[in-house]
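**Student:** My questions will all concern the structure given below.
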Amino acid sequence: MSGRFITFEGTEGSGKTTQIGRLAARLGEAGWCTRVLREPGTTPIGEEIRHTLKHSPSNHAMTPETELLLMNASRAQLVREIIRPALAAGEIILSDRFYDSTTAYQGYGRGLDLGLVQKVIDFAVGDTRPHLTIYLKVSPEVSAARLASRQAKLPFIRDRIEVADQQFFARAARGFEAVAAAEPQRVRVLEASGTADEVGAQVWELVQSVLPPR
């Protein structure tokens, strides 16, 4: 039995981590073997790349091109080391971001050529594609407020992507909208400014539609 690959996308503060945690618990209670991933990262190599991309004190001069290649280096490792074997074993994979974030952040956000971005993505993932992508959509105001709240509650760790200006995040949001419009069968848009319970109920309804028969 082949598994299912479900990705969550959205701008900062859209609630991806919360909803993935809730969904993983619900799937586990229902008896599904579930694996949670994050991008960039998850594998040992990917976590080192994540630190370089997001938190290293030496990454101030990183160019958009370098960012694109590092993101997809981490992704290429993740696909081959974890995703493909897990799908072959029949697992349900939940990923906090995948290649749509690269289209939105490095393509639209950083202004890189979208055709080139797609070629790099295609090289990194091959034919490994999500069965379902849930785009959690929030307004820029909700995104900024949630990000500020999160930063206030946790010990400060510099994240070079999170500290980008609002124009960058506005461009990235337009990127997610474009991706959703181009692939409406795969990418399902959920208004995510409601309560966690409200959003979670909608997530569960979508996920049930792609779970394999037992």
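**Student:** I need the per residue convex hull volume for the chain, using only the alpha carbons, in cubic angstrom as a whole number. Please report the intermediate quantities before stating the final value.
**Tutor:** Working: hull volume 26.0 nm³, N = 214.
Value for the chain: 121 Å³ per residue.
**Student:** Quickly rank 25-34, 128-137 as a protection proxy: mean count of other C-beta atoms within 10 Å, highest first. Kindly include the intermediate steps, with their values, before the conclusion.
**Tutor:** On the way: 25-34: 13.7, 128-137: 20.5.
Most protected by this proxy first, the peptides run 128-137, 25-34.
**Student:** Okay, next question. List the residues, sorted by chain then number, that are 5 or more residues from Glu9 or on another chain and whose placed amide H is less than 5 Å from its amide H.
**Tutor:** The answer is Ile134, Tyr135, Leu136.
**Student:** Going highest first, how would you order 79-91, 202-214 by mean Cβ packing within 10 Å? If you can, show how the numbers build up before the last one.
**Tutor:** On the way: 79-91: 16.5, 202-214: 13.5.
Final packing ranking: 79-91, 202-214.
**Student:** Excluding residues fewer than 8 places away in the same chain, name every one of the aspartates and glutamates whose C-alpha is closer than 15 Å to that of Lys137.
**Tutor:** Glu9, Glu12, Asp96, Asp100, Glu177, Glu191, Glu198
**Student:** Given labels modelled 7 Å from the Cα in the Cβ direction, how far is it in nm from Thr17 to Asp165?
**Tutor:** Taking the simple label geometry, Thr17 and Asp165 are separated by 2.7 nm.
**Student:** Would you pull out the residues with amide H under 5 Å of Leu37's amide H, same chain only if 5 or more places away, H placed 1.01 Å from N?
**Tutor:** Here the answer is Leu94, Ser95, Asp96, since their amide H atoms fall under 5 Å of that of Leu37.
Bear in mind these aren't lab numbers, they're just calculated from the coordinates by the rules spelled out. All values reported here derive from a predicted model rather than from experimental measurement. As a convention, Cβ positions derive from the backbone with ideal geometry for all residues, glycine included, and neighbour counts pool all protein chains shown.
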